[in-house]
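*Asks:* Got a structure for you, questions after.
Bear in mind these aren't lab numbers, they're just calculated from the coordinates by the rules spelled out. It should be emphasised that the depicted structure is a prediction, and the values quoted were computed from it without experimental measurement. Don't worry about glycine lacking a Cβ; one is built from the backbone with ideal geometry, like all the others, and counts go over all protein chains shown.
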Amino acid sequence: MPVRTESAPSTPVLRKRPPLYRRRTRAAWGFALPFVVLFSVFTAGPVLMSLAMAVTDIRSRDLRDPFAVEFVGLDNFVAVFQDPMFRKAAGNTAYFVLVGVPLTLAVSLAVAVLLNAGITRLKTFFRVGYYMPVVTSIVAVAVVWRFLLHPDQGLINEVLGWFGVEGPNWLASTTWAMPAMIAMATWRSIGTLIIIFLAGLQSVPTSLHEAAALDGAGAWQRFRYITVPSMRPTLLFGAVITGIGYVQFFEEPFVMTQGGPLNSTLSVAFHTYNQFGFGNYGYAAAMSYVLFVAVVLLTLVQFRFLGERDETRRRRWRRKPRPTAVASKEIGR
């Protein structure tokens, strides 16, 4: 009878890194160290500290006595949703986003299409002209728009008067203050999207448009069934960056209306800023995390509607296979 011999367990072989690999690793960490330090001190650190503040009752007076701060758990988040002022600000922000984002995308895409197809000369000049509001100071923008929206001497009310329409006091009206903010934000934001959409339009193959035109497709049909589907990733990118900016809109009401009249232009970001100014650090930190969750949810919704779709998988999910007659008989047996 053969005797079985047990082999000794193999010891793992430790592979030493070559000196060149170690030198390159140290050099890479040396180049990355300034960014890592700055990111940890000025970004990751404040984010973690704000999360710790959101679950405590810290206020401005507690800065002298940090040991008096108490852990409150989710009480700050509960207080945020019970605050009628926060609900008012959340409604204003939702109104600004739901109206402003589609309007900005539509206007930017329309101007980009005109620049791409209708204007052959001085195209660069028009691109720079539309991009100027993006790099213009918000103070200069506020001065211009205050002149345009002035109830007595404003250019907009003057033009409306030519047609017999009496323009309202835009910034002092609870009805028209938010549309005025949306118009100004759209004017400031279309420059970036026009540049992005122009790049997307130039990547659409012209052969598809030519083939569709030979088949009798009109301009609107080519735009709907060729241009828009081809630009889906570009539209998604534009919608995401615009939505993130509009959810956090702060500069427009801060400079133009200070949240008025009657808090009709108060945004969540502006309300959070006010709470920090009042010294309610824990409450304001919780509100900022609620705003962060709103940004994430909006981005997920935009990816759901504008992201790449797997049509084959969706069809298989919608059309479940039905058992054939033979299979039904086999099941009956």
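*Asks:* Tell me, what HN-Hα J-couplings in whole Hz come from the Karplus equation 6.51 cos²θ - 1.76 cosθ + 1.60 at θ = phi - 60° for each residue of the range 294-307, using x for Gly and Pro?
*Replies:* For the range 294-307, the Karplus-derived couplings read 5, 5, 5, 5, 4, 5, 5, 5, 5, 5, 5, 8, 10, x Hz, x marking Gly and Pro.
*Asks:* Read through the labelled values (1) 62; (2) 33; (3) 39 and report the label of the one computed as percent of Cα pairs over 29 Å apart from the structure.
*Replies:* Working out percent of Cα pairs over 29 Å apart from the coordinates points to (1).
*Asks:* On to the next question. Once both labels are modelled 7 Å past Cα along the beta-carbon direction, what's the Glu158-Val228 spacing in nm?
*Replies:* The answer from the label model is 3.9 nm.
*Asks:* Turning to a different aspect of this structure: Once amide H atoms are placed 1.01 Å from N in the peptide plane, what residues at a sequence separation of 5 or more from Thr56, or on another chain, have their amide H within under 5 Å of its amide H?
*Replies:* Val72
*Asks:* Using Cα pairs under 8 angstrom and six or more residues apart, how large is the relative contact order of the chain, in percent?
*Replies:* 25
*Asks:* Here is a further query. Quick one: which residues, 5+ away or cross-chain, put their amide H under 5 Å from the amide H of Gly260? H built at 1.01 Å from N.
*Replies:* Thr265
*Asks:* Apply 1/(1 + (r/R0)^6) to the Cβ-Cβ distance of Ala140 and Phe35, taking R0 = 41 Å, and write down the FRET efficiency to the nearest 0.05.
*Replies:* The calculated FRET efficiency here is 0.80.
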